[in-house]
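Nothing in this text is a laboratory measurement; each read-out follows from the coordinates by a stated rule. Predicted, not measured: the structure shown is a model, and the values here were computed from it. Neighbour counts are summed over all protein chains in view; Cβ atoms, including those assigned to glycine, are modelled from backbone coordinates with ideal geometry.
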Amino acid sequence: MRRTKAQAQETRERLMQAALDVFHQRGVARASLHEIAQAAGVTRGALYWHFKNKEDLFDALFARIFDVVSSQLEADIRNAADMLQSLRQAFLNCFERLERDEAYRKFSSVLHLKCEHTEENAAIVAVMTRYFDMWQQNIHTALQMCVAQKRLPADLDVALASIHLKATLLGLTQLRLFCPHALQLSQVAPVMVDAALGGLQNCPALRLSHAQNPQAHETPHHAHHLQPAGLLVRHG
């Protein structure tokens, strides 16, 4: 019985690895269960014994990757005396994983570049949305702890700040995946993360008071027409 369970687990792992490879090569919408079974070296019957359909397989693959990343995040911030510093390190660890972990990089590529948001893919997109919401909630909770530790302003708009961080992280991830030779992530990521976290400390637009009275923080009208030094456009 133990051997049977071990074999079943091995088959499941082969199917998940094959699914990752096929999704990465062909995109989620074009990938078929037949192709995945062939790539794993098993019958379709064996595949259906483990997974009901493509959405179920995608969900299992997402859960495995997400659990690893979430566990690392929780380890980074658990009982942190300085939550802001721990959050910074957690983000940098995600980018480091993107560089060194091929499976994580492939799955990130599937999520950001090869998962079409179409009606045909609605069930897959729903899975993605659920996990992205969980990820944003983790960030939201960590930011609340930063405020409680007085590492961030007491009037920080935590909901907006979590979106700000998520946008920075997802944007840099997509840039790395879409243009892998356009930047050295190990050099750029610390700067971008520090800029994003610094914005939480210093940007008036991320304060609750700004939402209540945005005019108080508006840039003077004439300043909108000024060009920063060094960015002047030369013609001719």
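When the residues of the range 71-89 are filtered to those that are in a helix (DSSP H, G or I) and not aliphatic (A, V, I, L, M), the one that is farthest from residue 195 (Cα to Cα) is 71. Being surrounded by fewer than 19 Cβ atoms within 10 Å (Cβ to Cβ) and more than 19 Å from residue 75 (Cβ to Cβ) is a property that residue 101 lacks.
Annotation note: Cβ proximity below 7 Å between a residue of the range 117-129 that is in contact (Cβ under 8 Å) with a residue 12 or more places away in the chain and a residue that is part of a helix (DSSP H, G or I) (sequence gap 6+ or interchain) occurs for 123/55; 124/55; 124/58; 127/55; 127/58; 127/59; 127/62; 128/111. Can you spot a residue in the range 172-195 that is touching a helix residue (DSSP H, G or I) at 6+ places or on another chain (Cβ under 9 Å), part of a helix (DSSP H, G or I) and closer than 22 Å to residue 67 by Cβ? Looking for residues that are touching a helix residue (DSSP H, G or I) at 6+ places or on another chain (Cβ under 9 Å), part of a helix (DSSP H, G or I) and closer than 22 Å to residue 67 by Cβ, one finds at least one in the range 172-195, hence yes. Just the residues that are more than 13 Å from the chain's Cα centre (by Cα) and free of Cβ contacts under 8 Å to residues at least 24 places away in the same chain, please, taken from the range 87-108. Residues satisfying the conditions are 89, 100, 101, 102. Looking at the range 18-32, can you tell me whether even one residue there is touching a Cys at 6+ places or on another chain (Cβ under 6 Å), surrounded by 17 or more Cβ atoms within 10 Å (Cβ to Cβ) and not in a helix (DSSP H, G or I)? Yes: one or more hits. Tallying residues that are closer than 21 Å to residue 106 by Cα and of a type outside the set (Val, Ile, Thr) within the range 1-50 yields 28.
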